[in-house]
């Protein structure tokens, strides 16, 4: 008798759990648990993401996009951009010259500024960085700020990182709306906290 009561309680709990999980879902997706949970956690796309171009000698660039705030490049298959000598690599090279995690690109936010950095983790084949018309070697864990167009070499593999900057131009409707609200306390407080954006984007800056 006690066993039947326990079984009934368990069934009621399971039914209640299913009703709670699927109450906002369409009936056709009732048993698609993966889709339901994914819909509750929408993926956020990285805004103004850097463009990463990779090439070897006498070959055209292959373009990739930084999709995460921390983006890794290396020969290891756990990297976001895999460069090695296997057919499964994102970018295949004749010989494996990249270390498992060779470069890290990070999106940094400090106060009102947002910028990107790149860190060298290569020891055997270190990364060469173009600085003032000459390439210099980056030491292990050296980190530099990316500006507009930054060029690197690892062996004979060239990597160009483009960090496009955008500026949002003021439209007439924005000004009219601002005038209508300029006497509101909340709007005034927000204006005092805001700073001008100096971010500028020009399509010519990313032509390689």
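Tabulated data for the structure shown
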item	result
Top-ranked residue in the range 151-164 [being assigned to a strand (DSSP E or B) and under 16 Å from the mean Cα position of the chain (by Cα); ranked as surrounded by the fewest Cβ atoms within 10 Å (Cβ to Cβ)]	162
Conditions (1) surrounded by 11 or more Cβ atoms within 10 Å (Cβ to Cβ); (2) farther than 19 Å from residue 97 by Cα; (3) modelled with pLDDT of 85 or more: number failed by residue 140	(2)
Residue selected from the range 97-127 under the condition within 16 Å of residue 156 (Cα to Cα), without any contact (Cβ under 8 Å) to a residue 60 or more places away in the chain and surrounded by 16 or more Cβ atoms within 10 Å (Cβ to Cβ), by the criterion nearest to the chain's Cα centre (by Cα)	103
Residue check, residue 24 assigned to a loop (DSSP other than H, G, I, E, B), out of contact with any strand residue (DSSP E or B) (no Cβ under 6 Å at 6 or more places or on another chain), outside the structural domain of residue 142 (by TED's automatic domain parsing) and modelled with pLDDT under 90	yes
Pick from the range 43-69, criterion part of a strand (DSSP E or B) and touching a residue at least 24 places away in the same chain (Cβ under 8 Å), ranking: surrounded by the fewest Cβ atoms within 10 Å (Cβ to Cβ)	62
Scan of the range 72-85 for residues that are under 16 Å from residue 54 (Cα atoms) and part of a loop (DSSP other than H, G, I, E, B), ordered by number	75, 79, 80, 85
Meets criteria (surrounded by 14 or more Cβ atoms within 10 Å (Cβ to Cβ) and part of a loop (DSSP other than H, G, I, E, B)) for residue 94	no
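The rows are residues; the columns are (1) part of a strand (DSSP E or B); (2) modelled with pLDDT of 95 or more; (3) closer than 21 Å to residue 63 by Cβ.
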residue: 98; (1), (2), (3): no, yes, yes
residue: 109; (1), (2), (3): yes, no, no
residue: 115; (1), (2), (3): yes, no, no
residue: 119; (1), (2), (3): yes, yes, no
residue: 124; (1), (2), (3): no, no, no
residue: 136; (1), (2), (3): yes, no, no
residue: 144; (1), (2), (3): yes, no, no
residue: 149; (1), (2), (3): yes, no, yes
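The values are calculated or read from the model by the stated rules, or taken from the named source; none is laboratory data. Predicted model, so just to flag it, every value in this text is computed and none were measured. Cβ coordinates were reconstructed from backbone atoms using ideal geometry, including for glycine residues, and neighbour counts include every protein chain displayed.
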